[in-house]
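**Q** Here it is, the structure in full.
The values are calculated or read from the model by the stated rules, or taken from the named source; none is laboratory data. Bear in mind that the values here come from a model prediction, so they are computed numbers and not experimental data. Every residue, glycine as well, gets a Cβ built from its backbone with ideal geometry; the counts of neighbours run over all protein chains shown.
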Amino acid sequence: MLKFLRSAIVSLCLVALLLFPAHSAHALGGKQPALNEPAPTFTLVGNNGVGEIGDFSLSDYLGQWVVLYFYPQDFTSGCTLEARRFQQDLPKYIERNVQILGVSVDDVNSHEQFCDAEGLTFPLLADSQGKVSKSYGSYLTGYALRHTYLIDPEGLLQKVYLGVNPAIHSQEVLADLDSFIANS
């Protein structure tokens with residue numbers, strides 16, 4: 001019953017995003033971090049995608065692009081589709097020196113099971129208290145919202161994606177990355 005209620009809340013939030021488009025500075029989950037400014041820093045425990053659990057800090061990835069994507073819940077249809085698409089395109093991200101980091105409020109054990117079940121080999125981070133999701137304006141009623149942040153090698157936020165379509169999102173991010181890389 002709890003999973004049904006959580007899914008219903010997430011669905012209502014997504015409908016609200018579609019009906020009431022967010023202003024670029026403020027979205028349903030809160031105030032968005034500013035573009036061309038340092039991305040909010042964090043350290044979270046996570047699963048590295050190959051069964052190892054440890055701490056992951058945004059600062060660990062200075063010198064490379066980071067796709068930081070927030071999602072509501074492991075094993076739900078949209079979240080599974082989005083993760084599969086990122087995994088499918090992972091070689092293209094690696095070619096571009098890009099690290100993908102997925103974040104939800106699920107615990108690290110759930111992430112480990114999700115990685116194993118879906119063959120994910122990029123890190124999923126446990127934001128169990130929602131602090132990082134809140135700092136990115138991506139938190140609502142016990143869930144991370146489906147938002148993505150593109151962070152450059154200097155740690156500056158370059159692009160924010162709100163109201164993401166999981167089926168095409170990875171390709172959208174790759175296209176934007178190519179544009180940023182070509183212009184740098």
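**Q** Quick check on my filter: what residues within segment 122-136 are farther than 15 Å from residue 72 by Cβ and surrounded by 15 or more Cβ atoms within 10 Å (Cβ to Cβ)?
**A** 122, 123, 135
**Q** Inside segment 149-184, can you point out the residues that are farther than 17 Å from residue 85 by Cα, out of contact with any Pro (no Cβ under 6 Å at 6 or more places or on another chain) and small (Gly, Ala, Ser)?
**A** Hits for segment 149-184 are 179, 182, 184.
**Q** Against the condition in contact with a Phe, Trp or Tyr (Cβ under 9 Å, 6 or more places away or on another chain), buried (at least 18 other Cβ atoms within 10 Å of the Cβ) and at pLDDT below 95, how does residue 103 come out, does it pass?
**A** Here the answer is no, as residue 103 does not meet what is asked.
**Q** Only one of (1) at pLDDT 85 or above; (2) surrounded by 11 or more Cβ atoms within 10 Å (Cβ to Cβ); (3) not aromatic (Phe, Trp, Tyr) fails for residue 36. Which number is that?
**A** Condition (2) is where residue 36 drops out.
**Q** Further question on the same structure: Being modelled with pLDDT of 95 or more, of a type in the set (Gly, Ala, Ser) and surrounded by fewer than 16 Cβ atoms within 10 Å (Cβ to Cβ) is the filter; apply it to segment 151-184 and report the residue that is nearest to the chain's Cα centre (by Cα).
**A** Here the answer is 167.
**Q** Kindly indicate which of 74, 89 is farther than 18 Å from residue 176 by Cβ and acidic (Asp, Glu).
**A** 74
**Q** Only residues that are part of a helix (DSSP H, G or I) and either without any contact (Cβ under 8 Å) to a residue 40 or more places away in the chain or under 19 Å from residue 41 (Cα atoms) (or both): list them for segment 95-144, please.
**A** 95, 109, 110, 113, 118, 131, 132, 133, 134, 135
**Q** Considering only residues that are among the charged types (D, E, K, R) and closer than 20 Å to residue 77 by Cβ, which ones fall in segment 154-184?
**A** Correct list: 172 only.
**Q** Moving on. If you take the residues in segment 42-68 that are in a loop (DSSP other than H, G, I, E, B) and in contact (Cβ under 8 Å) with a residue 60 or more places away in the chain, which one is surrounded by the most Cβ atoms within 10 Å (Cβ to Cβ)?
**A** 49
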